[in-house]
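Contents: one structure, followed by commentary.
Computed from the coordinates by the stated procedures, all read-outs in this text should not be read as laboratory data. All of these numbers come straight from a predicted model, not from anything done at the bench. Cβ coordinates were reconstructed from backbone atoms using ideal geometry, including for glycine residues, and neighbour counts include every protein chain displayed.
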Amino acid sequence: MKFGIGWREEVLTEINQQVDNIDVIEIMPDQYMFDLRKKVELLKKFLPKKDIIFHCVSLSIGSSEIELDYLYELKRLVDIFDPLIISDHIGITRYKSYDTGIACPVSYNSKTLKIFEANINKFQKIIGKPLLLENISCPLKMLDEEFSEAEFIAKLYQVTGVNILLDVTNLYINSKNHNFDYREWLEKIPISSVRQLHLAGGNEVEGKLWDSHCCAVAKDNWSVYEMAINLFSQIEFVIVERDNRYETFYESINDIFTARDILLKQR
């Protein structure tokens, strides 16, 4: 299992100072697409010589039509950096000409499943790299769905073979905000489906938890992480995410050490 951090230019010096403690770097390709010449040269200059994986935010795999221009631009970046895997979210970021800017939930039903299947096939034909899809945090509970979220993810894996990026923090946040047992949720996910984990810190606003990526991983999240690494047999990567409050970025480096230590104690 390899442990790493999300690449952010705001903390590139700090990441390079900790390079010996990092196995893999997760890049958000959306930050570099459509302006490749200038931005890619900067990335090449500062990026440590480590394994690279991509984490997209605008693939919008749940939209009725996946955007081909996005795929072709992503392919250009893939050809430059050769990431081991590429991930995005089980959600949509585009509806017609409207861009939400954040992954929004989809309806968990058979129709949506077919949309995902078609879009995943298009992705594979153009990109030719393994795709992972991530569970998202959702402030609103979906009603009258054909499947639960966990059931939909299980069916998605069974139908398409796409692996899962399990976001531990998103799962914990949803379990608290919507009052369900994360253990039961995890037990519905096929043990061979999860290939990567995300960990991040969040905060509480007016009684609701939010996946804000602003601080250290919360203590209770580690119980979810521990169950996940014991339950799923194919996990290859564990990434700590950070997108705010970079003045305490050392917390996220410490989280890498914690995640690695927990794994070692399980062996």
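Give the percent of DSSP beta bridges with both residues in the stretch 2-266 that are antiparallel, rounded to the nearest 5. Could you put the intermediate results ahead of the total?
Details: 6 of 34 bridges.
About 20 percent, rounded to the nearest 5.
Given the options HIS89, HIS178, HIS55, which has the most mean-square fluctuation in a GNM of the chain, springs set between C-alpha atoms less than 10 angstrom apart? In the Gaussian network model the winner is HIS178.
Beta carbons within 10 angstrom, averaged per residue: use that to sort the peptides 99-108, 249-258, highest first.
Working: 99-108: 16.4, 249-258: 18.1.
Per-residue Cβ counts within 10 Å, averaged per peptide and sorted highest first, yield 249-258, 99-108.
With contacts taken as Cα pairs under 8 Å and at least 6 residues apart, the stretch 5-155 reaches a relative contact order of 21 percent. Straight-line cross-link reach from LYS39 at under 13 Å between alpha-carbon atoms covers these aspartates and glutamates, not counting any fewer than eight positions away in the same chain: GLU9, ASP30. Note on ASN230 and GLN124: the extension gain reaches 35.2 nm, defined as 0.36 nm multiplied by sequence separation minus the Cα-Cα distance.
Applying a threshold of 32 Å to the alpha-carbon distances of LYS176/LYS265; LYS44/LYS114; LYS75/LYS111 flags LYS44/LYS114 as lying beyond it.
If R₀ is 22 angstrom, what is the calculated FRET efficiency for the pair ILE262 and LYS188, using the beta carbon separation as r and rounding to 0.05? Using R0 = 22 Å, I get an efficiency of 0.40. In a reduced charge model with +1 at each Lys and Arg Cβ and -1 at each Asp and Glu Cβ, the stretch 164-250 shows a dipole moment near 80 debye about its Cα centre. Any idea how far the Cα center of the stretch 215-265 sits from the one of the stretch 52-76, in Å? Cα centroid to Cα centroid, the span is 26 Å.
Taking every C-alpha pair closer than 8 Å and separated by at least 6 residues, the mean separation divided by the residue count of the stretch 2-266 gives a relative contact order of 17 percent. Length gained on full extension, PHE180 to GLU206, computed as 0.36 nm times the residue gap minus the Cα-Cα distance: 7.4 nm.
Mind checking the dipole of the stretch 2-266: about its Cα centre, +1 per Lys or Arg Cβ, -1 per Asp or Glu Cβ, Debye to the nearest 20? With Lys and Arg at +1 and Asp and Glu at -1, about 640 debye.
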